[in-house]
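Student: Structure below; questions to follow.
The values are calculated or read from the model by the stated rules, or taken from the named source; none is laboratory data. All values reported here derive from a predicted model rather than from experimental measurement. Note that each Cβ is placed from the backbone with ideal geometry, even for glycine, and that neighbours are counted across all protein chains shown. SASA here: full protein model, heavy atoms, side chains in, ligands and nucleic acids out. Shrake-Rupley method; radii C 1.70, N 1.55, O 1.52, S 1.80 Å.
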Amino acid sequence: MDAAILFNCCTAHAQPDWAAFDTLEIGGCINEPQPFDDGTCIIGGVPKGDAEFFTVYGHLKEGGFEAITDCDTYDDATNVAAALCELSSLPIVVAC
């Protein structure tokens with residue numbers, strides 16, 4: 001898979017430092033309109049049936065998450081996550 005697909009949330013589509021993570025996670029997301037400007041705010045932790053798109057995150061050993069890539073569909077996210085599991089040797093958790 002192309003780096004622009006695997007790492008579209010990473011600077012220059014470069015692989016992150018896998019040693020910083022203990023797992024990968026697929027999460028559902030939505031773009032929520034902001035009432036006082038023309039932008040949106042990305043909200044994670046959305047159930048699969050309500051998600052507008054899906055993000056594969058790295059769960060940081062120190063706590064928190066880092067977005068690795070966004071995918072339009074759940075199937076795309078699972079395919080990308082499988083490829084990232086092979087690259088990183090990290091397990092995957094589905095959280096949506």
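Student: What number of residues in the range 62-73 are open to solvent by 50 Å² or more (accessible area, probe 1.4 Å) and under 13 Å from Glu25 (Cα atoms)?
Tutor: Residues meeting the conditions: 3.
Student: Which of the numbered conditions does Gly49 fail, given that it passes all the others? Conditions: (1) more than 18 Å from Thr11 (Cα to Cα); (2) at pLDDT 95 or above; (3) part of a helix (DSSP H, G or I).
Tutor: (2)
Student: Sticking with this one: Return the residues of the range 63-96 that are assigned to a loop (DSSP other than H, G, I, E, B), under 14 Å from Pro16 (Cβ atoms) and among the polar types (S, T, N, Q); say none if nothing qualifies.
Tutor: Selection gives Ser89 alone.
Student: How many residues does the range 1-13 contain that are open to solvent by less than 90 Å² (accessible area, probe 1.4 Å) and either in contact with a helix residue (DSSP H, G or I) (Cβ under 7 Å, 6 or more places away or on another chain) or not in a loop (DSSP other than H, G, I, E, B) (or both)?
Tutor: Total satisfying the criteria: 6.
Student: Can you pull out every residue in the range 75-94 that is open to solvent by 50 Å² or more (accessible area, probe 1.4 Å), in contact (Cβ under 8 Å) with a residue 40 or more places away in the chain and of a type outside the set (S, T, N, Q)?
Tutor: Answer for the range 75-94, where residues must be open to solvent by 50 Å² or more (accessible area, probe 1.4 Å), in contact (Cβ under 8 Å) with a residue 40 or more places away in the chain and of a type outside the set (S, T, N, Q): Leu87, Pro91, Ile92, Val93, Val94.
Student: Can you pull out the residues in the range 51-65 that are farther than 15 Å from Ile92 by Cβ and in contact with a strand residue (DSSP E or B) (Cβ under 7 Å, 6 or more places away or on another chain)?
Tutor: Correct list: Ala51, Glu52, Phe53, Leu60, Lys61.
Student: For residues in the range 14-40 being closer than 14 Å to Thr55 by Cβ and free of Cβ contacts under 8 Å to residues at least 60 places away in the same chain, which is surrounded by the most Cβ atoms within 10 Å (Cβ to Cβ)?
Tutor: Cys29
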